[in-house]
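What follows is a single structure, written as structure tokens, with notes after it.
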Amino acid sequence: MKRHSRNRILLWVIALGLANFVVYTLTYWYLGGDAPNGGFENGHHFLRGHFIWSGAGKRTDPVSRGIWIYSFIHSITIWPTIAGVLVSMLILARPHIIATMKSDLPLRGMTYVNICILVIIVVTGATTMLFVRDFLSALAQTAAGVAYNV
């Protein structure tokens, strides 16, 4: 792939990632929290927002199951978004990092970039999997009418 085409794709990944952060933040603010911090009790789904109303967070009024599911899924998307934005930025900055680290440092620039990319992918991948696991568990519990996160 040509560098120009690759860079355009990377810039789009960054722009879309930043847009996802903005939408998530505005939705979190508007709804008063998110589903991973919220829960299910007595047949009602609710969200919870840390530091929105108080230091410990406050449970919202009941929300629909659809909003609760949307909120949980959108929370899951934040982790791959972080990976996409950071990896894209590292790839775009790679020539500068390599040029800066050409001295007698024990770690070469390309190795440094590759290690950073690997760490980003492993950490955000693991966190995404934990959120997906929690989501599936929450879906099963709420479908069975069992309280979740109370």
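FYI, it's all coordinate maths here, none of it is from the lab. Worth saying up front: this structure is predicted, and the values here are computed from it rather than measured. So basically every Cβ, Gly included, is an ideal-geometry build from the backbone, and we count neighbours across all protein chains shown.
What ranking, highest mean first, results for peptides 64-72, 122-130 when packing means the other Cβ atoms within 10 Å averaged over each residue?
Answer by packing, highest mean first, reads 64-72, 122-130.
So what are the ³J(HN,Hα) numbers for the stretch 70-87, from phi and the Karplus equation (6.51, -1.76, 1.60; θ = phi - 60°), rounded to whole Hz, Gly and Pro as x?
Couplings: 4, 4, 5, 5, 5, 5, 5, 5, 5, 5, x, 5, 4, 4, x, 5, 5, 5 Hz.
What residues qualify as long-range amide H neighbours of residue 45, i.e. H under 5 Å apart, gap of 5 or more or another chain, H built at 1.01 Å from N?
Result for residue 45 returns 63.
Starting from the amide H of residue 38, placed 1.01 Å from N in the peptide plane, find each other amide H under 5 Å away whose residue is 5 or more places distant or on another chain.
Distant-sequence amide H within range of residue 38: 48.
Can you give me the angle between helix 3-31 and the longest principal axis of the chain, using Cα atoms only, in degrees from 0 to 90, rounded to the nearest 10?
20
For the peptides 133-142, 83-92, what is the packing order when you average, over each peptide's residues, the other Cβ atoms within 10 Å and list the highest mean first?
83-92, 133-142
What is the distance in Å between the Cα centroid of the stretch 59-92 and that of the stretch 13-45?
Each part reduced to its Cα centre gives a spacing of 7 Å.
Could you run the Karplus curve 6.51 cos²θ - 1.76 cosθ + 1.60 with θ = phi - 60° over the stretch 133-150 and give me ³J(HN,Hα) per residue in whole Hz, x for Gly and Pro?
4, 5, 5, 5, 5, 5, 4, 5, 5, 5, 5, 7, x, 8, 4, 9, 6, 9
So between residue 114 and residue 73, what do we pick up on full extension, going 0.36 nm a residue minus the alpha carbon distance?
11.8 nm
Between residue 100 and residue 7, what's the calculated FRET efficiency when r is the beta-carbon distance and R0 is 25 Å? Round to 0.05.
Approximately 0.85, to the nearest 0.05.
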